[in-house]
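> Handing you a structure now.
The values are calculated or read from the model by the stated rules, or taken from the named source; none is laboratory data. Bear in mind the structure is a predicted one, so any value in this text is a computation, not a measurement. Note: ideal-geometry Cβ built from the backbone for every residue, glycine included; neighbour counts use all protein chains shown. Surface areas here come from the heavy atoms of the whole protein model, side chains and all, with no ligands, DNA or RNA. Shrake-Rupley method; radii C 1.70, N 1.55, O 1.52, S 1.80 Å.
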Amino acid sequence: MKIRDTFLGTKKSLTDRIKEAFGGAIDDELYDNITEALILGDIPYETAEKIMEGAKNSLKRRQMSDADAVIGAVRESMLEIINNSPAFGGFEFPCILLVMGVNGVGKTTTIAKIANYYQKRGKSLMLAAADTFRAAAGEQLEIWAERLNVPIVTSVTGQDAASVIFDAISSAGARKVDMLICDTAGRLQNKKNLMEELNKLYRVCERNGGAFHTYAVIIADAMTGRSNLDQIEEFSNIKKPDTVIVTKTDGSAKGGVILAIADKFRIPVSFLGVGETPEDLVEFDAREYVNAII
Ligand SMILES: Nc1nc2c(ncn2[C@@H]2O[C@H](COP(=O)(O)OP(=O)(O)O)[C@@H](O)[C@H]2O)c(=O)[nH]1
Ligand SMILES: [Mg+2]
């Protein structure tokens with residue numbers, strides 16, 4: 001699957017709405033209509049306004065006034081917002097990825113995808129099952145590890161996640177693996193505990209990682225749209241994530257959450273999840289993404 005085949009719902013609705021709203025004149029009504037369409041595509045109001053400001057300016061400058069010009073201007077303005085936010089520069093090896101995100105967003109599946117991606121590029125991998133809260137979470141990761149033929153440090157439900165990660169780091173160091181990917185819990189008894197726990201896990205990685213670079217990777221589910229932003233904000237309070245991976249872009253998801261991440265948090269998006277198998281991961285590309293949504 002290619003990025004251009006993602007977010008198809010957004011593309012149709014945005015493009016159609018702009019064409020429908022276009023009565024021949026570029027006026028405030030048209031701008032309002034487009035802003036509304038952007039918001040319906042999961043773009044926060046302030047970001048939508050920013051996009052429209054940029055689009056208005058470029059249309060004025062170039063004195064263009066047809067529907068395609070409007071679409072082009074909106075597209076360029078979106079691209080500018082993403083390009084103003086830092087781009088993902090890749091992981092430095094050896095590294096530890098601490099993968100965080102609410103239950104069900106696709107953490108465990110994405111770990112299999114990342115492992116597959118880097119394995120294909122000649123890197124040695126190891127996994128750590130540090131989601132010890134949810135029963136069966138560890139087994140799910142073990143199944144992936146077996147299929148991908150990647151070593152895993154397993155755990156039992158209720159085990160201290162920090163001790164799992166601690167063991168995994170020593171094992172990864174001894175085997176000299178290039179990348180250790182740690183799964184974490186998406187839910188604990190309460191929110192405050194979860195944030196404290198993740199903070200602790202991050203510190204365990206930093207303190208004991210030695211030569212390993214530690215990256216906080218947050219997984220966001222495109223299907224849940226803007227409600228992801230609250231999660232990212234909360235995680236940012238403990239540690240600003242180094243990168244976001246957006247999953248489930250293959251369904252009827254709206255694409256706006258990526259613009260929101262760029263505009264509000266300035267966290268680079270590295271990959272998009274485009275399905276349920278380990279192969280279903282594509283590198284994020286700003287222009288392809290913008291072309292996919294409008
Ligand atoms: N369509 C689609 N489904 C996905 C994607 N990523 C994960 N899933 C599905 O989402 C569900 C939850 O994934 P899981 O990895 O268990 O989430 P976790 O609770 O965050 O670890 C599973 O059914 C996955 O197959 C994706 O990119 N596209
Ligand atoms: Mg999981």
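> Can you tell me the length gained on complete extension of the stretch GLU196 to ASP16, counting 0.36 nm per residue apart and subtracting the Cα distance? Let's see the in-between values first.
Working: separation 180, 0.36 × 180 = 64.80 nm, distance 4.55 nm.
So the extension gain works out to 60.2 nm.
> Name the lysines eligible as straight-distance cross-link partners of LYS113: C-alpha to C-alpha under 28 Å, and not fewer than 8 places from it in the same chain.
LYS113 reaches LYS2, LYS11, LYS123, LYS176, LYS191, LYS200, LYS239, LYS240, LYS248, LYS254, LYS264.
> Among PHE235, PHE88, PHE284, what's the order by accessible area (1.4 angstrom probe), most exposed first?
Order by accessible area, largest first: PHE88, PHE284, PHE235.
> Amide H neighbours of ASP221 under 5 Å, counting only residues 5+ apart in sequence or on other chains, H built in-plane at 1.01 Å?
THR247
> Given region 32-112, report the % of alpha carbon pairs whose separation exceeds 20 Å.
Counting pairs separated by more than 20 Å, the tail of P(r) holds 53 percent.
> From the phi angles alone, apply the Karplus equation (6.51, -1.76, 1.60; θ = phi - 60°) to region 259-269 and give each ³J(HN,Hα) in whole Hz, x where the residue is Gly or Pro.
These are the phi-based 3J(HN,Hα) values: 5, 5, 4, 5, 6, 8, 10, 6, 9, x, 8 Hz.
> Kindly state, to the nearest 0.05, the FRET efficiency for GLN63 paired with ARG147, given R0 = 35 Å and r defined as their beta-carbon distance.
Approximately 0.05, to the nearest 0.05.
> Shifting gears a bit: Contour minus end-to-end for SER252 and ALA135, with contour as 0.36 nm per residue of separation and end-to-end as the Cα-Cα distance?
Computed gain between SER252 and ALA135 is 39.2 nm.
> Hey, any idea what the orientation-averaged projected area of the convex hull of the chain's Cα atoms comes to, in nm²? Intermediate results must be reported in sequence, preceding the final value.
On the way: hull surface 59.1 nm².
For the chain, the mean projected area of the Cα convex hull comes to 14.8 nm².
> Could you list which residues have their amide H under 5 Å from that of VAL153, counting only those 5 or more apart in sequence or on another chain, with H placed in the peptide plane?
LEU127, ALA128, ALA129
> Looking at region 151-287 from every direction and averaging, what is the projected area of its Cα convex hull in nm²? Walk me through the numbers on the way to the answer.
Values: hull surface 37.1 nm².
Computing the convex hull of the Cα atoms and averaging its projections yields 9.3 nm².
> Please report the equivalent ellipsoid semi-axes of region 1-138, computed as sqrt(5 x eigenvalue) of the Cα gyration tensor, largest first, in whole Å. Don't jump to the answer; show the numbers that get you there.
On the way: eigenvalues 337, 60, 36 Å².
They are 41, 17, 13 Å, listed from largest to smallest.
> Could you state the per residue volume, in Å³, of the convex hull enclosing the Cα atoms of region 89-242?
107
> Using a Förster distance of 30 Å, how high is the FRET efficiency between ARG203 and GLU49, based on the Cβ-Cβ distance and rounded to 0.05?
Numbers: r = 39 Å, r/R0 = 1.29.
The computed FRET efficiency comes out at 0.20.
> Now, a different point. Can you list the residues, at least 5 places off or on another chain, whose amide H is less than 5 Å from the amide H of ILE96, using H built in the peptide plane?
Those lying under 5 Å, H to H, from ILE96 are LEU180, HIS213, THR214, TYR215.
> Still on this structure, please answer the following. What distance in nm separates the two pseudo spin-label positions at GLU92 and GLU233, each 7 Å out from Cα along the beta-carbon direction?
3.2
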